[in-house]
Amino acid sequence: MNNNQDNQRANAYACPKANSPAPVSARKNRRGFFHVCFAMMTGIAACIVAFPVFSFFRLPKRINTARKIEVPIADLSEDQALFFDRQGTQIALIFTERQPKVFDSACTHLGCLVKWDPNEHIFHCPCHGAVFDDKGQVVKGPTNVPLKKISFEIKNNVIVIS
Amino acid sequence: MSKLIELIKRIRKELDDRFDLTPVVQKNLTQKQVPMTLSWAGCFGGLAFLIFMIQVFTGILLLMYYKPDPERAWDSVTFIKSNVPMGWLIQRVHSVGANMMIALVFLHMARVVYLRIFRKPRELHWISGSVLLLATTMMAFTGYLLPWTQLSYWGAKVGTEIPSAVPLLGELIVVLIRRGQNISGETLGFFFAMHIWVLPALCVLMMVLHFLMIRRTGISRPL
């Protein structure tokens, strides 16, 4: 007898009213109130999780901060060219006639990266053969726009490109 | 707001017209019926599964910056902890989650042993669960080496020493899991592959079997 009762208890399911029809206006009774509370708590929890996850996709500090490029003039030799990455754009530093000059090394025709020829003092574009002189002016080629100059300053004999 | 609710209701209606989803969701999720005698201790397995999902998610996030290379592993973890926005939180959740998951898996197992749920017809639940326990501890062990700190290096050194007690084959097993005589870059690569692909895939396979079998036999009830 006792065993039979236990069996009945074990076979009973929680939430007996689960299949009863939903009330017309769910907000006006206790169940509706708990539904709203539950939805709000879920929303708050979702925000708490979403905030760090979305923050994680922001750029890390190292990539975000501008890095200065510093080159001591003493390290440069005549007719030498150096190429740097300046936050995604490639720049070229050349040292001719004892003067440093800095250009955006993208060719003004279609954006290929130009090469420096130290013997002839020219920038040569490998894609369509444009040629620029050591002041960035067009010598020859499919473009008539000079290379873009990049501003720099010299502090204590060090070239600083910010 | 009310327009949004209208839109959701409409999408739900259109889906129901085609797939009749609402009864399926109600039966399996929102109005799922469980035995009245089930105690809160029955949640341990489900909570372990929840933490597994969190581990997969945070693991994918960490993978965007982690480098499995002895030269850069420690630097990349430090970078995640100090430079990536909220990286410290994601990294900490992943490392604490591993401990929590092992604790929950053991609690789940303790309940199953104490209530003798492993008996017929649930023997295979127990066996798949044992494989899951092994896979979970292995994931924790392989993950411990990845930050490449002194602690993780010596932890891996001691841990991989254990199979040397196996008669005859012991030394061979140690060399095979270390990918060499010592803990090196090859060990790191091997542990990394195990940690992010092989063991999670094994876990998912075993979990699918585990859950399908529970659905088939039903939740255990006391006598």
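Ranked by the mean number of other Cβ atoms within 10 Å per residue, highest first, peptides B:164-172, B:60-68, A:71-79 order as B:60-68, A:71-79, B:164-172. Gain on full extension, evaluated as 0.36 nm per residue between B:Lys157 and B:Val198 minus their Cα-Cα distance, stands at 12.6 nm. Annotation: for a label point projected 7 angstrom from Cα along Cα→Cβ of A:Lys140, residues of segment A:95-134 with backbone N closer than 16 Å are A:115-134. Spacing of the modelled spin labels on B:Ser39 and A:Lys155, each 7 Å from Cα toward Cβ, amounts to 7.0 nm. Just how far, in whole angstrom, is segment B:182-206 from segment B:4-71 if you go by their alpha carbon centroids? Using only Cα atoms to place each centre, the spacing works out to 26 Å. Other protein chain C-beta atoms within 10 Å of residue C-beta, averaged over B:81-88: 5. Charge dipole (Cα centre; +1 on Lys/Arg Cβ, -1 on Asp/Glu Cβ; no other charges) of segment B:42-217 amounts to roughly 760 debye.
Take the Cβ-Cβ distance between B:Val24 and A:Gln90 as r, set R0 to 41 Å, and report the resulting FRET efficiency rounded to the nearest 0.05.
0.10
Stretch B:Gln150-B:Thr217 to full length: gain in nm at 0.36 nm per residue minus the Cα-Cα span? Can you show the working numbers first?
Working: separation 67, 0.36 × 67 = 24.12 nm, distance 4.73 nm.
Here the segment from B:Gln150 to B:Thr217 would lengthen by 19.4 nm.
Near B:Gln31, no amide H atom lies under 5 Å from its own; only residues 5 or more places off or on other chains count, and H is placed 1.01 Å from N. Sequence-ordered 3J(HN,Hα) estimates for segment B:40-52 from the Karplus curve with 6.51, -1.76 and 1.60 and θ = phi - 60° stand at 4, 4, x, 7, 4, x, x, 5, 4, 5, 4, 5, 4 Hz, glycine and proline given as x. Here the dipole of segment B:95-187 is about 460 debye; that uses its Cα centre as origin and unit charges on the Cβ of Lys and Arg (positive) and Asp and Glu (negative). Using 19 Å as the Cα-Cα cut-off, could you pick out the over-long pairs in A:Lys115/A:Lys140; A:Lys101/A:Lys155; A:Lys61/A:Lys149? From the list (A:Lys115/A:Lys140; A:Lys101/A:Lys155; A:Lys61/A:Lys149), the Cα-Cα distance tops 19 Å for A:Lys61/A:Lys149.
Can you work out the PRE-style zone for A:Lys115? Point 7 Å along Cα to Cβ, and I want the residues of segment A:76-94 with backbone N under 20 Å. Hits in segment A:76-94 for A:Lys115 at 20 Å: A:79-85, A:90-94.
The order of A:Phe103, A:Phe54, B:Phe106, going from fewest to most other C-beta atoms within 10 Å of their C-beta, is A:Phe54, B:Phe106, A:Phe103. Each residue of segment B:101-109 was assigned a 3J(HN,Hα) from its phi angle through the Karplus curve 6.51 cos²θ - 1.76 cosθ + 1.60 (θ = phi - 60°); the sequence is 5, 5, 4, 5, 4, 5, 4, 4, 5 Hz, with glycine and proline shown as x. Taking θ as phi - 60° and the Karplus parameters 6.51, -1.76 and 1.60, the scalar couplings of segment B:184-190 work out to 9, x, 5, 4, 4, x, 5 Hz in sequence order, x denoting glycine and proline.
Each Lys and Arg Cβ is given +1 and each Asp and Glu Cβ -1; about its Cα centre, the protein assembly as shown then shows a dipole of about 2660 debye. Per residue of peptide B:50-61, the mean number of Cβ atoms on other chains within 10 Å of the residue Cβ is 1. Using R0 = 22 Å, the C-beta based FRET efficiency linking B:Leu107 and B:Lys32 works out to 0.50. Placing a label point 7 Å from the Cα of A:Leu59 along the Cα-to-Cβ direction, the residues of segment A:78-96 whose backbone N falls under 15 Å from that point are A:85-90.
Between 0 and 90 degrees, rounded to the nearest ten: what's the tilt of helix B:2-19 against the longest Cα principal axis of chain B? The two axes meet at around 90 degrees. Just name one of B:Ile127, B:Asn28, B:Ile90: the one whose Cα is farthest towards the positive end of the charge dipole of chain B (beta-carbon charges, Lys/Arg +1, Asp/Glu -1). Working it through, the farthest residue towards the positive pole turns out to be B:Asn28.
Kindly state, to the nearest 0.05, the FRET efficiency for B:Ser164 paired with B:Leu124, given R0 = 22 Å and r defined as their beta-carbon distance.
Details: r = 33 Å, r/R0 = 1.49.
Efficiency, rounded to the nearest 0.05: 0.10.
Rule-based calculations on the coordinates, nothing more; no lab input. Just so we're clear, the structure is a prediction, and the values are computed from it rather than from any experiment. Note that we place each Cβ from the backbone using ideal geometry, even for glycine, and neighbour counts take in every protein chain shown.
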